[in-house]
Amino acid sequence: MPIKVFNTLGRKLEIFQPLQRDLVKMYVCGPTVQDVAHLGHARTYIAFDAIVRFLEYYGYRVFYVRNITDVGHLREETGEDRVIEGARREKLQPMELVDKYMFSFFQDMDALGIRRPNIQPRASMHILDMIEMIKGLIEKGHAYVVDGNVYFDVSTFPDYGKLSGIKYEDLIKHRIEPDPRKRNPADFALWKKAERGYLLKWNSPWGEGFPGWHIECCVMVMKYLGEQIDIHGGGQELILPHHENEIAQAEAYTGKKPFVKYWLHTGFLTINGEKMSKSLGNFISIKDALKKYEADVIRMFILSAHYRSQIDYNEESLRQAEINLTRIRETLDKLHELTEEAKPGGKSPPEVENARKSFIEAMEDDFNTPRALAEIRRLVRAAN
C-alpha cells in the first residue's frame, strides 16, 4: 500500500510520490532562538523525526533541512525583533543570545533522541542570498521599494491564499507592518529599513536594514534543496502568514509551481486548553521536562497523538506513556529471549508478523503514530 499524506495545500489525503523516485527533499521551519526550547517545539520536531525515520525505513533517501531563525522574526504585538528583545532581557549582544540558545536547542534535540537534519542553516548567514532574491522580485514586478523598505505586492500573485484559504479582505489582520505608503494594506515586508542604533542590520541596495522573516526560509529552501521540494513542514500556526508568504515569494520568483508538493503541519501542544507558548508564559521547557521524565516517555506521549491533532499536556498522560513504555520494553526483552532460543533462519511468530504489517499500514496512513502504537500494545497484550 502506498504512503498517503494529508496535504494542507488542498486539504485532503494524497498518495505520496516524491519529485525524484527515491529521494525526499524536506524542509521544516526551525526555532527562533530567543529563549529555551519548550515542549511545543518538541511536539513538532519529534513528529517530523518520526516521519523522516519511517520514510527512510520505507526505502527513501531523505535530505532534511531545518533552519535556525536568528533575525527578522518580529513580535506581533510590538513589531520588535524577538532576538533583540531577548538580548535586552539578558543583557547580551544579539548574537551572543543566539549562540547561547541555539546550542541549548541542539542539546535538547539530542537529549530527546531527535536525529540531526542534514543541514541546520542560520538565517543571518544568508543575507546576501536574500538580497539577491529580493532584487529579482523587484525586477519581475512583484516587489517595490518605499523609503528603504521593500514590500511584496500581493496583487501580483493571484494564487495568494491557496494554502490557508484566506480571503484578500481578511489579510490585513495578519500584517504587523502598517505603512500608509504600501500599495495594498495586505502587502508584506521583504526588507525592513533599520533606524539609527538598531542592533541587527546589514547594508543593502535600499540602505541599512534587515530581512523579513518570510524571505529567510524561502532562500534557505532553494539554496539547499532547490526550487521545488517534496515536503515542507512546521506548526499549524505557520500556515498564515509565514508559509502562505513563502509560496508567493518562491513561485513569483521562479515561475515554477508548486514550490512545495506536500505541506504538513503539526497541531498545537496545549496546557489547560491553551497553546503552549513563551508569549503566554505557560510553557514547560524541554530541560525541565527531561528532569522529570526520560526522553522516550516524552516521545511516547507526543507520538500517542496524531501529528495533526491537538494534544494537551497533563501529568496523567505522561504517566500512562511511562507505563506503556515499560510494558513494551519488558515484552521486547521476552521476545529477544525467544528469538535467541529459536532455530537460525526460523520465522517470527505470526503475532509478531501481523503486528509489524499493521504497524506499517498505520504509518502509511498519514504517519498515524497512535494507531501504530496501538498495534504494538496489542502485541504486548498477546505476548503476556
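Readers should treat all values here as calculations from the given coordinates under stated rules, not as data from a laboratory. Since we're looking at a predicted model, the values are computed, not measured. All Cβ positions, glycine included, derive from the backbone under ideal geometry; neighbour counts span all protein chains shown.
Compute the Kirkwood hydrodynamic radius of segment 17-271, taking the inverse of the mean of 1/r over all pairs of distinct Cα atoms, and give it in Å to one decimal. Computed over segment 17-271, the radius equals 18.8 Å. Using only Cα atoms, find the angle between the long axis of helix 39-57 and the longest principal axis of the chain, and express it within 0 to 90 degrees, rounded to the nearest 10. So the inclination is approximately 60 degrees.
Sparse packing (at most 16 other Cβ atoms within 10 Å of the Cβ) combined with a DSSP loop state is found for the following GluC sites (Glu not before Pro) in segment 3-93: Glu76, Glu77, Glu80. Label positions at Glu56 and Arg378, each projected 7 Å from the Cα along the C-beta direction, are separated by 2.8 nm. Note on Arg116 and Ser277: with the Förster distance fixed at 30 Å, the Cβ-Cβ geometry gives a FRET efficiency of about 0.75. Relative to the dominant Cα principal axis of the chain, helix 244-254 is inclined by about 70°. Working from label points 7 Å from Cα in the Cα-to-Cβ sense, the Tyr198 to Glu85 distance is 1.7 nm. Compared with the alpha-carbon gap, the fully stretched path from Lys223 to Asp179 is longer by 12.7 nm at 0.36 nm per residue. This ranking places Lys162, Lys192, Lys140, Lys167 by how few other beta-carbon atoms lie within 10 Å of each, fewest first, which gives Lys167, Lys140, Lys162, Lys192.
Looking only at the chain, where both bridge partners belong to it, what percent of the DSSP beta bridges are antiparallel (to the nearest 5)? For the chain, the DSSP antiparallel bridge percentage is about 50. A crude spin-label estimate for the pair Glu353 and Lys257, with each label 7 Å from Cα along the Cβ direction, gives 4.9 nm. Using the Cβ-Cβ distance between Glu330 and Arg75 with R0 = 45 Å, the FRET efficiency computed as 1/(1 + (r/R0)^6) comes to roughly 0.40. Exposed loop sites are taken as chymotrypsin sites (Phe, Trp or Tyr not before Pro) in a DSSP loop (any state but H, G, I, E or B) with at most 15 other beta carbon atoms within 10 Å; the longest stretch of the chain without one runs 199-384. Computed from the C-beta positions of Val145 and Asn314 and an R0 of 41 Å, the FRET efficiency is 0.20 to the nearest 0.05. Applying the criteria of a DSSP loop state and at most 13 other Cβ atoms within 10 Å to the trypsin sites (Lys or Arg not before Pro) of segment 255-346 yields Lys256. The long axis of helix 350-364 is offset from the longest Cα principal axis of the chain by roughly 10 degrees.
Checking every one of the trypsin sites (Lys or Arg not before Pro) in segment 24-123 against DSSP loop status and a limit of 15 other Cβ atoms within 10 Å picks out Arg75, Lys91, Arg115.
In terms of surrounding Cβ atoms within a 10 Å radius of their Cβ, Ser279, Ser285 rank from fewest to most as Ser279, Ser285. Each Lys or Arg adds one and each Asp or Glu subtracts one; over the other residues with Cβ under 10 Å from the Cβ of Leu199, this totals +1.
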